[in-house]
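One structure below.
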Amino acid sequence: MNAKLERFFRIYNATLTVVSVIALIVVILDWCHLIKLNHLFGQVTISLLLLIFASDYLIRLFMARGKAKMLASNTFRLSALVPTDGVVSEEHLKKWRTASVPPATFSRRTGTI
């Protein structure tokens, strides 16, 4: 491999490693309630990280010789790009809990709900 290309990939992989560590730190800070990911700072941070990781995936896909094989062998990496923060957020869960669905009642006569 060309020396310049090798150097580029070392820098590229090092940069992605740093971004991964930053993502981990952000999640740990949220768990410790030092930052809130559902506020503006957290949403911007998560969006930027998602954009970086999606760009990485698309670059790797573009550069891959066997694209189908790359897609099949990197399903975990692809699944990590699916944003679930809105689905499992506290606000979303509260909406589901307080939805206007009447509670199920048990009928003693019929033995059904």
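The values are calculated or read from the model by the stated rules, or taken from the named source; none is laboratory data. Just so you know, these numbers come straight off a predicted model, no measurement behind them. Cβ coordinates were reconstructed from backbone atoms using ideal geometry, including for glycine residues, and neighbour counts include every protein chain displayed. Surface areas here come from the heavy atoms of the whole protein model, side chains and all, with no ligands, DNA or RNA. Shrake-Rupley method; radii C 1.70, N 1.55, O 1.52, S 1.80 Å.
Karplus-based coupling profile of region 14-25, in residue order and whole Hz: 5, 5, 5, 5, 4, 5, 5, 5, 4, 4, 5, 5, with θ = phi - 60° in 6.51 cos²θ - 1.76 cosθ + 1.60 and x standing for Gly or Pro. Sorting the segments 8-18, 41-51 by their residues' average number of neighbouring beta-carbon atoms within 10 angstrom, most packed first, yields 41-51, 8-18. Go ahead and run the numbers for FRET between Leu78 and Ala3, Cβ-Cβ distance against an R0 of 30 Å, rounding to 0.05. Efficiency, from the Cβ-Cβ distance: 0.40. Counting only protein heavy atoms and a 1.4 Å probe, region 1-79 has 80 square angstrom of accessible area per residue. Label zone (Leu49, point 7 Å along Cα-to-C-beta; backbone nitrogen cut-off 19 Å) within region 1-30: 13-30.
Surface composition of region 38-80: carbon plus sulfur atoms hold 73% of the accessible area, using a 1.4 angstrom probe and ignoring ligands, DNA and RNA.
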